[in-house]
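Readers should treat all values here as calculations from the given coordinates under stated rules, not as data from a laboratory. Remember, predicted model here, so these are calculated numbers, not experimental data. Virtual Cβ from ideal backbone geometry, glycine too; neighbours counted across all protein chains shown.
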Amino acid sequence: MTVWHIERGKKITGGIIHVNRKKRRFEKGSSPLLTTLDKEKVKYNRLLANQIKKRLVSSEFVNAMNSHTKKAKKTKILAIVEHADNQHYTRRGIITKGCLVKTESGLVRITSRPSQHGILNGVIVEEKSK
């Protein structure tokens, strides 16, 4: 079902909002895209002014930044450990901003918005001991 970001319905006072035009394409929204742990898959959406938004459908790698050495490296995600916003996302294997994932280089907190930015970036929280 299509999502619309337009003013429809009733005013605060209870009166009806009368619309004097049809719906426009720029008012159209979309359903949330929940990024999962799987092979890399990206979806492209066309925006206004012929811009393109990359939306990450699934990914198996994250760009993990080490805050001490200031170096980033691409590491494989092993499991999704914790979600602060929704505990059911952990069970379903959905990756969002702020979630904690277990990687080959340790625990990483996701800092990017995968369904908006089209990439997984994160900061190493707990480094794996060698």
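Summary of computed values
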{"item": "For the chain, alpha-carbon Rg over 2.2 N^0.38 Å", "result": "1.38"}
{"item": "DSSP-assigned coil residues among trypsin sites (Lys or Arg not before Pro) in the stretch 1-68, each with at most 14 further Cβ atoms within 10 Å", "result": "R8, K11, R21, K22, K23, R24, K39"}
{"item": "Length gained when the stretch K74-L37 is fully extended (0.36 nm per residue, less Cα-Cα span)", "result": "11.8 nm"}
{"item": "Ascending count of other beta-carbon atoms within 10 Å, so fewest first, for L34, L120", "result": "L34, L120"}
{"item": "Computed label-point distance, nm, for sites K22 and N45 using a 7 Å Cα→Cβ extension", "result": "2.3 nm"}
{"item": "Dipole of the chain, positive end: most advanced residue of G29, L107, G93 [Cβ charges, Cα centre]", "result": "G29"}
{"item": "Hydrodynamic radius of the stretch 53-126 per Kirkwood, over alpha carbon pairs, in Å", "result": "12.1 Å"}
{"item": "Charge dipole of the chain about the Cα centre (unit charges at C-beta), most positive-ward option of N66, A79, A49", "result": "A49"}
{"item": "Whole-Å distance, taken between Cα centres, linking the stretch 71-106 and the stretch 11-57", "result": "26 Å"}
{"item": "Relative contact order %, the chain, counting alpha carbon pairs below 8 Å whose residues are six or more apart", "result": "20 percent"}
